[in-house]
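Down below is the structure, laid out as C-alpha cells.
The values are calculated or read from the model by the stated rules, or taken from the named source; none is laboratory data. Given the structure is predicted, the values throughout are model-derived calculations rather than measurements. Heads up, the Cβs are rebuilt from the backbone with ideal geometry, glycines too, and the neighbour counts pull from every protein chain shown.
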Amino acid sequence: MSKPINSFKHIEMPELLSLGQGMLKYLPEIIDKVALRGKGLLITDAFLRDKYAKEIEAIMEAEKREIVVSVIEDSTLAEVDKQLQFFKEIDAGYAIGLGGGRPIDVAKLTSFKADKRFISVPTIASHDGLASSRASLKGVDKRHSIEARPPIAVVGDTDILDNAPYRFTVAGCGDVIAKKTAVKDWLLAHRLKNELISPTSISLSEMTVKLITDNAKLIRSQAEGFSRVVMNCLIASSLAMCTAGSSRPGSGSEHMFSHALDSIAKTPALHGEQTAFGTIMMAYLHDGMEGSDGVKELMHTLGLPITAKELGVTAEEVITALEMAHTIRKRFTILGSEGLSHEAATNVALKTGVIN
C-alpha cells in the first residue's frame with residue numbers, strides 16, 4: 001500500500017508574481033511589497049548591463065534606493081562564490097537576478113548561500129527555472145541542478161518579453177511540452193517503484209501543457225502580450241516543482257536525454273528545444289506513434305525543431321544521447337535502469353522521424 005503523500009515539511013513558493021506591461025518601473029514598489037530592506041545586488045550579464053540594468057539603476061535612484069550592479073561571466077559554482085563574496089562586501093540585503101537562465105540561477109544560489117532572498121526578473125521566457133527553487137549551474141564536466149530557494153518575487157515585463165527573440169520564447173514552450181513525458185515517468189515510477197507522487201504538482205504540470213496546446217497558434221502569431229501565456233505556464237511549472245519538493249513534475253527521461261546531448265553534442269541547442277525534441281521519442285516509448293505524433297504536431301505549430309538537422313545536431317549524437325540518457329541521474333523513468341540498446345535507440349529515432 002502506498003504511503004501517505006505528505007513527506008514534505010515545507011513548501012516554499014514566490015510571494016508575489018508581477019506580470020504585465022511596464023512592470024520594470026514598479027520594481028521599488030514590488031521590493032516594498034515583499035518587505036526587502038537595505039542595499040540590493042543586481043546580478044546580470046554583460047549584454048544586459050547596458051540594455052536593462054542601467055534602466056533599473058535609474059528607476060531605483062529616482063526612488064532613492066541603493067543598488068549595485070554585478071556582471072557575471074558564466075553560471076558556475078566559482079561565479080556563485082565570487083558573487084557571494086561581493087554580496088557580503090557591500091552588505092547587501094537582497095539580490096535581483098536580471099536576464100535569462102544564467103544570471104537568475106547565480107542570483108538564486110548566491111542569495112541562498114547568504115541566507116537572503118532574491119527577485120527574479122527574466123528578460124526571456126525560455127525555461128521554467130525562473131520561479132523554481134532549483135539552480136542549474138555548470139560543474140566540472142556537466143550541469144548540476146542544485147536545491148536553493150525560490151525567488152520571493154517574479155517580475156515579468158511583457159514589453160521586454162514580447163520583444164525577446166522568438167526562438168528563446170518558443171524554447172520556453174518546449175520546456176513546458178516536456179511535462180507530457182515527465183509526468184508519465186513519475187506516474188510510472190509510482191506504479192512500479194512505489195515512489196511518492198504529488199497529485200497537486202501533476203495537475204499543475206498537466207495544466208501548463210494544456211495552456212500551451214490551446215494557445216499554440218496565438219503564441220506563434222507573436223501577437224501583443226503573447227509572452228504572458230508562456231510566462232504563466234513557466235511560473236505554474238515552477239510552482240509544481242516547489243509543491244513537489246523536487247523537479248519530478250517537470251523533468252523526466254526527456255530532460256535526461258537533453259543533458260546527455262549537452263555533454264556530447266558539438267553544438268548543443270537551447271535547453272527547451274532539446275527537452276521538447278526528447279519528448280518526441282519518450283512519448284513514443286510511453287504511447288507509441290500516436291504519442292510522438294501528437295508532440296510533433298504541437299511542436300510544428302509552435303515552430304520548434306522536430307528533426308536532428310533542424311536542431312543542429314547529428315543523427316549519431318542523438319542515438320548516443322539516447323543510449324546514455326539513463327545514466328544522467330538516479331531517477332526511474334521509461335528508460336529503466338538499463339537504458340536503450342544501440343539498436344533500440346536507433347529504431348526509436350528512425351520510427352519517430354527525428355533522424356532519417
*So which of A78, A95, A53, A58 ends up being part of a helix (DSSP H, G or I) and touching a residue at least 12 places away in the same chain (Cβ under 8 Å)?*
A53
_Return the residues of region 271-318 that are more than 26 Å from A135 (Cβ to Cβ), buried (at least 22 other Cβ atoms within 10 Å of the Cβ) and of a type in the set (S, T, N, Q); say none if nothing qualifies._
S292
*Among the residues of region 215-239, how many are in a helix (DSSP H, G or I) and either in contact (Cβ under 8 Å) with a residue 60 or more places away in the chain or touching a strand residue (DSSP E or B) at 6+ places or on another chain (Cβ under 7 Å) (or both)?*
16
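In the set D162, D214, which member is of a type in the set (D, E, K, R), more than 17 Å from the chain's Cα centre (by Cα), closer than 25 Å to V106 by Cα and surrounded by fewer than 23 Cβ atoms within 10 Å (Cβ to Cβ)?
On the way: D214 fails: closer than 25 Å to V106 by Cα.
Just a single option satisfies the conditions, and that option is D162.
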*Could you please find all residues in region 292-317 being over 25 Å from T213 (Cβ atoms), assigned to a helix (DSSP H, G or I) and among the hydrophobic types (A, V, I, L, M, F, W, C)?*
A315
*Can you give me the number of residues within region 279-326 that are farther than 22 Å from L340 by Cα and among the hydrophobic types (A, V, I, L, M, F, W, C)?*
4
*Exactly one condition in (1) out of contact with any Leu (no Cβ under 8 Å at 6 or more places or on another chain); (2) at pLDDT 95 or above is not met by S263; state its number.*
(2)
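Residues are listed down the side, and each one gets a yes or a no for (1) out of contact with any strand residue (DSSP E or B) (no Cβ under 6 Å at 6 or more places or on another chain); (2) at pLDDT 85 or above:
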position	(1), (2)
K82	yes, yes
Y94	no, yes
S136	no, no
G139	yes, no
*Identify the residue in region 75-91 that is more than 18 Å from R134 (Cβ to Cβ) and among the acidic types (D, E) and, among all such residues, is surrounded by the most Cβ atoms within 10 Å (Cβ to Cβ).*
D81
_For the list (1) in contact with a Gly (Cβ under 6 Å, 6 or more places away or on another chain); (2) not in a loop (DSSP other than H, G, I, E, B), I need the number of the one condition that G288 fails._
(1)
*Counting just the residues of region 323-356 that are under 21 Å from the mean Cα position of the chain (by Cα) and of a type in the set (A, V, I, L, M), which one comes out modelled with the highest pLDDT?*
A325
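Residue by residue, here is whether (1) crowded, with 24+ Cβ neighbours inside 10 Å; (2) of a type outside the set (K, R); (3) under 19 Å from A131 (Cβ atoms) holds:
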{"residue": "I177", "(1), (2), (3)": "yes, yes, yes"}
{"residue": "W186", "(1), (2), (3)": "yes, yes, no"}
{"residue": "N194", "(1), (2), (3)": "no, yes, no"}
{"residue": "S203", "(1), (2), (3)": "no, yes, yes"}
{"residue": "V209", "(1), (2), (3)": "no, yes, yes"}
{"residue": "R220", "(1), (2), (3)": "no, no, no"}
{"residue": "V229", "(1), (2), (3)": "no, yes, yes"}
{"residue": "F257", "(1), (2), (3)": "yes, yes, no"}
{"residue": "A265", "(1), (2), (3)": "no, yes, no"}
_Complete set of residues in region 21-47 that are within 22 Å of the chain's Cα centre (by Cα) and either part of a loop (DSSP other than H, G, I, E, B) or within 14 Å of V68 (Cα to Cα) (or both)_ = L42, I43, T44, D45
*Odd one out for E343, checked against (1) farther than 22 Å from V295 by Cα; (2) not in a helix (DSSP H, G or I)*: (2)
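Determine which member of the set R149, R102 is outside any helix (DSSP H, G or I) and at pLDDT below 95.
Details: R102 fails: outside any helix (DSSP H, G or I).
The unique qualifying residue is R149.
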